[in-house]
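Here the structure is laid out as structure tokens; the discussion comes afterwards.
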Amino acid sequence: MLQEEYFNTDEFRDTLSLYEQAMRNRQSIFLDAIDLTDIAEYYYQQGQRARAMQVLDHALYLYPNATVALAYKARIVLWENGNVGKARQLMAQCDDTTSPEYYLAMAEVMLADEKDDEAHRLLQLYVETMDPEERDNAVLDAMTLLVDYSSSAHCDYWLNLKPKKANSIDYLELSAHLVMLSGKPKEARTMFERVVELDPFHADAWKALAECCIEENDLQRALEAINFALAIDRDDSHLLFRKALCYLNLQNYRDALSVLQQLQKKEDDDTAYVYPIAFCLVQLQRTEEAIALLSEKAQHTHFAVPFFADFYRELADFCQQEGQTQLAQQIRQYQQQAERIRRNIDNNNNTDE
């Protein structure tokens, strides 16, 4: 049973009610480390972090070396701060280093520490130590971690396990992410198309489908997927930015400008949008607006985005032609830095291959 499903059972609801009643009446109540950690996890998922940490601290006061409580606290440390050292310190206190909770949490520590091979071995142990009826859910847990940390080292192994829940939306979505991580956007796209067909209100699946389409340079379908996702999650700034980039690559500068200006109004720091907005203005023959924007921002902005290198070059050429020599020199510095970053990214990608 998935933890989210357990939280909806009468058993958990009764335990939670007993705990909350005892807290309200300031009465003592006996709950083991597992029950207390379940309550902490429930609170955390509900966005009640302070209450969750209070329950966890209480659990560790009663059971100082309880693996289930230490493992969950270590994972929170990773989620919130990415503090691998602190997470390791917590895991070192565990009294049971052969439990499923230990293997899963230590695998996450390894993934956060970019030790994917060790994480893979721990996830194998995690699945193997689960009861047979829980093994399918354990496979989904392992796949979720690999997707969360974009770990592509052992995707084929997990894709070949084929649990009984292989026809579920959760499994199909996770498999699609792993296929994408394996560098197969066309195959992943087919799988994500199936996911959104089964669940049209799955915003994350629409977002992932858009990324697959962008990888395949099918920008029109990418825009369709982005618009579906935005209809569900309209405040996603990253997604709006991807939408603007699609329009830019399609040379639809009017719509690109509209989206970028929408983003500029939403964000306190509009640094990332200054140059593409100026680029759109130039392409739309609104040169005076572009010069005014660049003159205002260039001296206070340093943001060499690698995929804006070509924009910087054209803007610098434009400013040079308009007699804005100092402004052109400033933008060329960003262009050169962006090109260096892009070369480094390309070199790293070639090394990985």
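The values are calculated or read from the model by the stated rules, or taken from the named source; none is laboratory data. Not measured: the values here are computed from a predicted model. Because the Cβ atoms are built from the backbone with ideal geometry, glycine has one as well, and the counts that use them run over all protein chains shown. In case anyone asks, the SASA skips ligands and DNA or RNA and just uses the protein heavy atoms, side chains included. Shrake-Rupley method; radii C 1.70, N 1.55, O 1.52, S 1.80 Å.
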Would you indicate which of [x] 0.94; [y] 1.06; [z] 1.12 is the value of Rg/Rh (Cα atoms, Kirkwood Rh) derived from the coordinates of this structure? [y]
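Roll a 1.4 angstrom probe over the protein heavy atoms and tell me the percent of accessible area of the chain that is carbon or sulfur. Before the final figure, lay out each step's value.
Working: 8240 of 18950 Å².
Roughly 43 percent of what the probe reaches on the chain is carbon or sulfur.
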Using a 7 Å offset from the Cα along the Cα-to-Cβ direction at both residue 14 and residue 98, what is the distance between the two label points in nm, to one decimal? 3.2 nm
Return the distance in nm (one decimal) between the two label points of a simple spin-label model at residue 237 and residue 167, each offset 7 Å from Cα along Cα→Cβ. 4.4 nm
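Please list, by residue number, every one of the trypsin sites (Lys or Arg not before Pro) in the stretch 160-212 that is coil in DSSP and has at most 14 other beta-carbon atoms within 10 Å. Intermediate values should be presented prior to the final figure.
On the way: sites: 164, 165, 186, 189, 194, 207; in loops: 164, 165.
Within the stretch 160-212, the qualifying trypsin sites (Lys or Arg not before Pro) (loop, at most 14 other Cβ atoms within 10 Å) are 164, 165.
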For the residue 24, residue 310 Cβ pair and Förster radius 56 Å, calculated FRET efficiency rounded to 0.05 is 0.35
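Below 9 angstrom from the Cβ of residue 15, what's the summed charge of the other residues (Lys, Arg +1; Asp, Glu -1)? Please list the in-between numbers first.
Details: positive: 13; negative: 11, 14, 35, 38.
My count for the surroundings of residue 15 gives -3.
Cα gyration tensor of the stretch 74-146, axes a ≥ b ≥ c as square roots of the eigenvalues: rounded (a/c below 1.5), prolate (a/b > b/c) or oblate? Each step should come with its number before you reach the end.
Details: a/c = 1.98, a/b = 1.51, b/c = 1.31.
Cα axes put the stretch 74-146 in the prolate bin.
List the longest stretch of the chain that has no exposed loop site; here a site is one of the chymotrypsin sites (Phe, Trp or Tyr not before Pro) assigned by DSSP to anything other than H, G, I, E or B, with at most 14 other Cβ within 10 Å.
Details: sites that count: 30, 201.
Counting at most 14 other Cβ atoms within 10 Å as exposed, the longest clean stretch of the chain is 31-200.
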When only C-alpha pairs under 8 Å and at least 6 residues apart count, what is the relative contact order of the chain, in percent? 6 percent
With a Förster distance of 41 angstrom and the Cβ-Cβ distance between residue 227 and residue 88, calculated FRET efficiency to the nearest 0.05 equals 0.40
